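Structure, as structure tokens:
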């Protein structure tokens with residue numbers, strides 16, 4: 001009976017190892033885990049940055065195309081219009097990326113982060129007034145960008161709180177180091 005015991009132990013260890021590794025695969029983020037949420041937050045922030053950049057380019061290209069629309073020379077008119085159309089395509093693609101990233105956040109984020117993400121999507125600057133199709137002035141467009149930056153900061157705070165990146169009340173040394181770093185950053 002002794003030769004059977006090492007084989008039984010090996011078989012039991014293989015079964016146990018398979019059962020444990022099945023629930024905790026190495027290198028794979030579990031849905032709803034902190035890694036998964038952080039990845040979806042990064043994707044969302046990348047998409048937001050991309051849509052804001054393309055929106056700025058589209059705003060100025062649209063303004064330039066409208067400025068030359070009444071001119072007689074077709075060559076002068078065609079180039080800004082072509083650039084505007086290309087930029088509009090890029091902007092639409094960026095909007096699709098934001099919607100897809102928002103779905104990822106809806107999948108795994110808690111309610112405060114989801115609310116902040118939806119607020120951020122709602123405040124993405126537009127080239128026209130909210131209730132009309134009249135093009136905004138440059139100052140109004142800059143104001144909308146400032147509001148979007150504030151909302152993005154609120155989203156980042158909610159995400160940091162969710163992922164426990166902020167120091168806890170009992171982490172006194174970490175708080176001290178963070179305060180010193182901020183003081184040094186403001187001096188520079």
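The values are calculated or read from the model by the stated rules, or taken from the named source; none is laboratory data. Values in this document were obtained by computation on a predicted structure and should not be read as measured data. Every residue, glycine among them, receives a Cβ derived from its backbone with ideal geometry; neighbour counts consider all protein chains shown.
Do the conditions hold for residue 182, that is, is it part of a helix (DSSP H, G or I), surrounded by fewer than 11 Cβ atoms within 10 Å (Cβ to Cβ) and within 27 Å of the chain's Cα centre (by Cα)? So that I can check it myself, show each step before the final result.
Numbers: part of a helix (DSSP H, G or I): yes; surrounded by fewer than 11 Cβ atoms within 10 Å (Cβ to Cβ): yes; within 27 Å of the chain's Cα centre (by Cα): yes.
Yes: the conditions hold for residue 182.
Would you check which residues across segment 133-153 are within 19 Å of residue 115 (Cβ to Cβ) and surrounded by fewer than 15 Cβ atoms within 10 Å (Cβ to Cβ) and list them? Show your work before the answer.
Keep residues of segment 133-153 that are within 19 Å of residue 115 (Cβ to Cβ), which gives 147-153.
Within segment 133-153, 147, 149, 150, 153 meet the criteria.
For segment 98-113, which residues satisfy the criterion of being farther than 18 Å from residue 145 by Cα and crowded, with 17+ Cβ neighbours inside 10 Å?
Initial filter on segment 98-113 (farther than 18 Å from residue 145 by Cα): 99-113.
Those that are farther than 18 Å from residue 145 by Cα and crowded, with 17+ Cβ neighbours inside 10 Å: 101, 102, 104, 105, 108, 109, 113.
Looking only at segment 127-145, filter to residues that are under 20 Å from residue 91 (Cβ atoms) and part of a helix (DSSP H, G or I); which one of those is modelled with the lowest pLDDT?
Within segment 127-145, the subset under 20 Å from residue 91 (Cβ atoms) is 127-130, 132-138, 140-145.
Narrowing the set further to residues that are part of a helix (DSSP H, G or I) leaves 138, 140-145.
On the way: 138: 79, 140: 84, 141: 82, 142: 85, 143: 88, 144: 87, 145: 85.
Restricting to residues being under 20 Å from residue 91 (Cβ atoms) and part of a helix (DSSP H, G or I), the top hit is 138.
Note on segment 101-114: among residues that are in contact (Cβ under 8 Å) with a residue 40 or more places away in the chain and in a helix (DSSP H, G or I), the one that is nearest to residue 155 (Cα to Cα) is 113. When the criteria are applied in full, residue 124 fails the requirement of being touching a helix residue (DSSP H, G or I) at 6+ places or on another chain (Cβ under 9 Å), part of a helix (DSSP H, G or I) and in contact (Cβ under 8 Å) with a residue 24 or more places away in the chain.
Each residue in segment 140-179 was checked for being under 23 Å from the mean Cα position of the chain (by Cα) and farther than 30 Å from residue 123 by Cβ, and 0 of them qualify.
Taking the conditions (1) more than 30 Å from residue 146 (Cα to Cα); (2) modelled with pLDDT of 75 or more; (3) surrounded by 15 or more Cβ atoms within 10 Å (Cβ to Cβ) in turn, residue 29 satisfies each one other than (2).
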